[in-house]
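All of the numbers you see were taken from the coordinates with simple rules; none came from a lab. This structure is a prediction, so every number in the text was calculated from the model and none was measured. Here Cβ is always computed from backbone atoms with ideal geometry, including for glycine, and neighbour counts include all displayed protein chains.
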Amino acid sequence: MAFLFALLLCWIISVFFEAIESFLIPNIPLPPPHFPPSQTVSIRQPDVPIPSSPFPLFRVPYVPLRRIIDFMKADALVSLSYCSQKSHSVIKTQRRARFDGRLCVSEYDSNLSFRTFRNRDCVLSVCDCSCLSTSERSDYVKMNGRYVPVKTHRSDGNLVSHWYNTTDGLKTITEYVTDLFNIDVSKVCVSKNAINMIEWVIRRQKTPLKSVTVCGVTSSEEELIYILRDCKTSSQIEIRSYAPPNFRFSEMFRKIDFLVIWHGQWVTIDNLLTMDGIDISLAYSNLSNNDLNVFLKHWLSGGCPRLKLFCATTGDVNILQVLDGLMHNAVLVEDSRYYTSPFGYRRTLSGGYDIQRADGVTATVCEQGNENVIAVWSETTHNSN
């Protein structure tokens with residue numbers, strides 16, 4: 001288990017403890033665990049040396065200790081927390097700083113991570129035991145009453161735990177990390193058994209799940225209907241998987257703030273007219289220019305009232321057909337402008353036409369390659385352009 005200390009040592013050296021390295025983190029091995037044969041998932045028992053003295057980091061007074069813990073990354077804290085009951089208790093009670101991003105459980109990537117719009121910081125991951133060589137030495141940590149072989153990820157630096165059932169492993173590390181940091185899961189990324197994993201996360205916490213991403217090759221019809229109609233998330237859905245052949249969604253879309261469908265061949269104009277979202281993005285869509293014209297008129301008459309940004313990638317975009325019957329209310333824009341989505345990302349609108357709704361709200365309609373964009377401006381932003 002000495003490698004757990006090495007993770008902490010590297011972090012402290014790189015930040016600000018170079019001068020007192022020998023005081024805070026001496027090279028001391030961890031105490032040996034006891035392995036009940038009925039509870040072990042190991043391939044062989046670990047070879048851990050006997051400790052010579054206690055770990056001195058926790059002799060530091062609590063005020064500077066809190067600062068040290070608050071500066072540490074989540075993966076280093078998780079590694080340190082497995083060293084002893086005291087290290088777990090100190091991290092659980094003394095950590096105060098907020099982590100950047102949302103905690104994501106990814107069945108697709110087999111890990112837990114904190115994610116922002118651009119970054120992903122992996123905290124702890126799972127791997128199948130078949131990937132573990134019987135001739136290779138492993139360290140062990142105790143998870144949910146079982147001793148589990150772990151290694152350090154070669155590039156990310158986080159712990160990788162090995163399980164015969166990776167779904168059970170993912171649930172176990174989720175329970176451990178959420179308890180350690182007193183935090184709920186905000187995002188779930190799933191590929192297989194999507195409904196079961198999402199429902200498991202929803203049942204185990206009080207705060208609502210904020211985001212669901214569906215990956216993989218093809219989702220079942222049951223899974224897609226659940227995601228679009230029944231899934232109890234408060235804001236964001238991203239469907240990266242294919243729909244089954246001939247799939248059609250004939251029901252009302254529930255309110256989804258941020259909706260991305262990567263393979264949107266199945267989305268019809270009837271679907272579009274029932275959507276209630278803020279940011280809607282469709283790729284590989286079969287919508288025609290006439291369909292987009294109908295949707296634009298729908299918005300102008302008060303439909304989809306929360307819409308701020310709509311993007312649809314289609315085979316052939318003709319902006320004049322999209323604006324058919326609306327040119328009397330359209331103003332040509334030749335300059336490029338920056339538009340910031342309510343969800344924080346920015347894109348450049350190259351020209352297009354400004355069109356105004358009866359209540360004074362203005363939207364820019366433009367084509368960018370094979371993508372049609374409708375960007376609704378806030379009153380203050382539009383007046384400043």
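If a spin label sat at a point 7 angstrom from the Cα of CYS131 along the line to its beta carbon, the backbone N atoms of region 78-105 nearer than 19 Å would be those of 79, 104-105. In this structure, the amide hydrogen of MET143, modeled 1.01 Å from its nitrogen in the peptide plane, lies closer than 5 angstrom to those of VAL148, counting only residues at least 5 positions away or on a different chain.
For the modelled label position 7 Å from the Cα of THR207 along Cα-to-Cβ, which residues of region 231-262 have backbone nitrogen atoms closer than 13 Å? Under cut-off, by backbone N: 234. 3J(HN,Hα) couplings calculated from phi for region 356-365 with the Karplus curve 6.51 cos²θ - 1.76 cosθ + 1.60 (θ = phi - 60°) are, in sequence order, 10, 7, 4, 8, x, 6, 10, 10, 9, 10 Hz; Gly and Pro show x. Shape summary of region 117-209, radius of gyration then Dmax from alpha carbon positions: 14.2, 45 Å.
A cut-off of 5 Å between modelled amide H atoms, ignoring neighbours fewer than 5 places along the same chain, links CYS127 with SER161, HIS162, TRP163.
Can you give the FRET efficiency to the nearest 0.05 for GLU251 and TYR284, using r as the Cβ-Cβ distance and R₀ = 22 Å? It comes out at approximately 0.50. Taking θ as phi - 60° and the Karplus parameters 6.51, -1.76 and 1.60, the scalar couplings of region 228-234 work out to 7, 10, 10, 5, 8, 9, 8 Hz in sequence order, x denoting glycine and proline.
By other beta-carbon atoms within 10 Å, ranking ASP121, ASP270 with the fewest at the front produces ASP270, ASP121.
Just check region 264-385 against the gyration tensor rule for me: Cα atoms, a ≥ b ≥ c as the square roots of the eigenvalues, rounded for a/c under 1.5, and otherwise prolate or oblate depending on whether a/b exceeds b/c. Verdict is rounded for region 264-385.
Could you put MET275, MET252 in order, starting from the residue whose Cβ has the fewest other Cβ atoms within 10 Å?
By the 10 Å Cβ count, ascending, the order reads MET252, MET275.
Too long at a 31 Å Cα-Cα cut-off: which of LYS151/LYS255; LYS92/LYS308; LYS171/LYS232? Beyond 31 Å between Cα atoms: LYS151/LYS255; LYS92/LYS308.
Extension gain for the segment ARG96 to LYS232, taken as residue separation times 0.36 nm less the Cα-Cα distance, is 46.1 nm to one decimal. Between the beta carbons of LEU65 and ILE195, assuming R0 = 41 Å, the FRET efficiency works out to 0.45 to the nearest 0.05. Extension gain for ASN119 to THR268 (0.36 nm times residue separation, less C-alpha to C-alpha distance): 50.3 nm. Sequentially through region 303-318, phi angles give Karplus couplings (6.51, -1.76, 1.60; θ = phi - 60°) of x, 6, x, 8, 4, 10, 8, 10, 9, 9, 8, 10, x, 8, 9, 10 Hz, Gly and Pro residues having no value and appearing as x. Each residue in LYS187, LYS192, LYS206 was given a count of other beta-carbon atoms within 10 angstrom of its own, and listing them fewest first yields LYS206, LYS192, LYS187. One compactness figure for region 265-330 is 1.05, namely its Cα radius of gyration divided by 2.2 N^0.38 Å. Compared with the direct C-alpha span, the chain from ASP156 to HIS328 gains 56.3 nm at full extension, assuming 0.36 nm per residue.
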